1. Starting from residues that are in contact with a Phe, Trp or Tyr (Cβ under 8 Å, 6 or more places away or on another chain) and buried (at least 24 other Cβ atoms within 10 Å of the Cβ), keep the ones in segment B:220-230 and report whichever is nearest to the other protein chains (Cβ to nearest Cβ).
2. Go through segment B:185-234 residue by residue and tally those that are among the β-branched types (Val, Ile, Thr) and at pLDDT below 90.
3. Given the conditions (1) polar (S, T, N, Q); (2) in a helix (DSSP H, G or I); (3) surrounded by fewer than 17 Cβ atoms within 10 Å (Cβ to Cβ), report the number of the one that B:THR176 does not fulfil.
4. Return the residues of segment B:1-58 that are assigned to a helix (DSSP H, G or I) and small (Gly, Ala, Ser); say none if nothing qualifies.
5. Could you please let me know if A:LEU23 is at the interface with chain B (Cβ under 9 Å from one of its Cβ atoms), within 12 Å of A:THR73 (Cβ to Cβ) and either surrounded by 15 or more Cβ atoms within 10 Å (Cβ to Cβ) or among the charged types (D, E, K, R) (or both)?
6. Got a sec? Which of A:VAL10, A:VAL65, A:VAL18, A:VAL38 is buried (at least 17 other Cβ atoms within 10 Å of the Cβ) and either facing another protein chain (nearest Cβ under 9 Å) or without any contact (Cβ under 8 Å) to a residue 40 or more places away in the chain (or both)?
7. Restricting to segment B:181-192, and then to whatever is surrounded by fewer than 21 Cβ atoms within 10 Å (Cβ to Cβ) and in contact (Cβ under 8 Å) with a residue 24 or more places away in the chain, can you tell me which residue is farthest from the other protein chains (Cβ to nearest Cβ)?
8. Taking segment B:137-149 as the search range and keeping residues that are within 26 Å of B:THR62 (Cβ to Cβ) and in a loop (DSSP other than H, G, I, E, B), which one is farthest from the other protein chains (Cβ to nearest Cβ)?
Amino acid sequence: MIVVDLRSAVPPFEQIRVQILDLVRSGDLPPQTRLPTVRKLASDLGLAPNTVARAFRELERQGVVETRGRHGTFVSTHGDAVQRRAQLAAAIFAEQMRTLRLSNEEAIVLALAALGADRAPENPLNSTDE
Amino acid sequence: MDFTLILTWLIIGVLALLAGVTLFMLQTDRYQQKLFFRFWQAVGLPVQADNVAAAARLRIRTRTSAMFVGELAGLFLVALVLFVNPSLASSSFIWLFVVPAVMTTMTTLDVGVALHYSLFRRRADAPRLARATATTMRDYVSPWRLRVAPALVVTAVLLNLVGAVLSWVGVIDPATFGRSSTLPLLAAAVTVFAVGKAVERRILQQTQPAADELELAWDDAFRAETFRALLLLETIVAWLAVGAAGIAILEGIDAIAGTVWGTGAGMQLFTLGFFVVLSIFSFGAAQSHFRHRLWPNLVTPHPDSGLGSN
């Protein structure tokens with residue numbers, strides 16, 4: 001639930017932003033959950049649509065939510081922006097390894113070497129792809 | 001005046017009388033309290049504040065009044081049709097005209113109340129609460145109940161196609177099938193279904209002013225009730241289309257074979273199916289699905305605790 005208190009010194013858009021962020025971090029709003037539309041949330045809270053839109057924009061900039069055109073606004077796969085960027089980098093890395101026709105084990109060895117890991121996983125090159 | 005016409009007028013008169021009596025009884029506190037208590041038990045939400053009970057009672061009164069005024073309007077319309085064209089009076093007139101007309105006008109006014117009135121008003125000094133997630137029809141009506149109306153509309157379309165093909169190949173009598181009211185009822189079923197979906201989207205976007213979770217939960221209860229009425233209308237009209245097409249095929253077979261059992265059996269099955277449809281939207285968790293889905297942690301005190309007698 002989102003509760004807005006107009007008597008509070010905190011601006012309404014900030015109240016909305018902080019509460020959604022808390023709900024995402026606590027897991028009450030799991031990834032891929034669809035948020036209400038700006039207009040619906042604004043009318044339920046008796047606020048101007050611009051106020052809610054501003055909160056959503058801030059959350060989108062932080063990587064907590066993502067807008068998918070007409071489908072609405074959704075909680076990002078990872079509300080944490082750092083984790084989301086790391087996931088994206090990993091996806092790009094995996095795609096490049098496939099382009100180079102390297103096996104998963106070879107890719108893992110290269111990744112560990114790049115990370116400066118002390119040792120590679122147990123016999124990575126000896127195992128076969130399933 | 002033949003017996004069928006007299007019987008049809010009698011049924012319309014009895015239905016109008018019942019609606020009138022209900023509207024009269026709605027003016028009494030006792031009947032309002034009875035309706036509130038029944039609704040409270042069905043939805044299973046707690047009543048912990050006077051303003052919640054008062055708002056719920058007012059909404060039940062407004063909604064019930066609107067629905068029975070709608071019933072009277074529907075009966076007036078069919079009475080007008082019957083007055084202008086008494087030859088329409090037949091054993092199927094009640095199913096083909098009275099039931100769809102009455103249900104459509106009742107549901108229309110019910111939806112009108114839901115769209116026009118908010119259960120609670122926004123108070124200047126109170127905090128404002130809203131749900132952080134978007135709700136869908138599945139939050140208010142169980143998925144399998146949602147599938148009944150579209151499944152019946154598709155069945156009606158298929159039965160009409162089957163009827164047309166069987167008429168073409170001569171298995172059933174084309175004249176008998178053509179005389180039936182399958183196509184107008186199919187058009188009505190498709191129209192009601194399409195309009196119903198548009199109205200559902202409109203209601204989902206409707207503002208829900210609430211100062212706390214209990215107020216929002218009660219607003220959800222009435223919203224779920226409106227959806228239930230809307231889906232019942234869609235399903236019943238779709239069932240009428242299925243029934244009309246099925247009976248028309250059986251009548252066509254009877255006309256070729258010179259028998260009468262098909263039409264009789266079809267009518268029996270149709271009537272049975274009508275009550276099954278009513279049961280689907282009346283029993284089980286038909287009225288409390290939203291609570292399990294949206295408010296699983298709201299606990300209802302025992303009805304004898306006196307909290308409902310506000």
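The values are calculated or read from the model by the stated rules, or taken from the named source; none is laboratory data. Only a predicted model underlies this, so the values are computations on that prediction, with no experimental measurement involved. Positions of Cβ are backbone-derived with ideal geometry, glycine not excepted, and every protein chain shown enters the neighbour counts.
1. So the residue we want is B:ASP220.
2. Of segment B:185-234, the ones among the β-branched types (Val, Ile, Thr) are B:190-192, B:195, B:199, B:203, B:207, B:226.
If we keep only those that are at pLDDT below 90 too, we end up with B:207.
Residues that pass the stated criteria total 1.
3. If we test B:THR176 against (1) polar (S, T, N, Q); (2) in a helix (DSSP H, G or I); (3) surrounded by fewer than 17 Cβ atoms within 10 Å (Cβ to Cβ), just (3) comes out false.
4. Across segment B:1-58, the qualifying residues are B:GLY13, B:ALA16, B:ALA19, B:GLY20, B:ALA42, B:ALA53, B:ALA54, B:ALA55, B:ALA56.
5. The answer is no for A:LEU23.
6. On the way: A:VAL10 fails: buried (at least 17 other Cβ atoms within 10 Å of the Cβ); A:VAL65 fails: either facing another protein chain (nearest Cβ under 9 Å) or without any contact (Cβ under 8 Å) to a residue 40 or more places away in the chain (or both); A:VAL18 fails: buried (at least 17 other Cβ atoms within 10 Å of the Cβ).
Step by step, each of A:VAL10, A:VAL65, A:VAL18, A:VAL38 is checked, and only A:VAL38 is buried (at least 17 other Cβ atoms within 10 Å of the Cβ) and either facing another protein chain (nearest Cβ under 9 Å) or without any contact (Cβ under 8 Å) to a residue 40 or more places away in the chain (or both).
7. Start the filter on segment B:181-192 by keeping residues that are surrounded by fewer than 21 Cβ atoms within 10 Å (Cβ to Cβ), which leaves B:181, B:183-184, B:187-188, B:190-191.
With in contact (Cβ under 8 Å) with a residue 24 or more places away in the chain added as a condition, the list becomes B:181, B:188, B:190.
Numbers: B:SER181: 39, B:ALA188: 31, B:VAL190: 25 Å.
Here the answer is B:SER181.
8. Within segment B:137-149, the first condition is being within 26 Å of B:THR62 (Cβ to Cβ), and the residues that meet it are B:137, B:139-141, B:145.
So of that shortlist, the ones also in a loop (DSSP other than H, G, I, E, B) come out as B:140-141.
Numbers: B:TYR140: 15, B:VAL141: 18 Å.
For segment B:137-149, the residue satisfying everything is B:VAL141.
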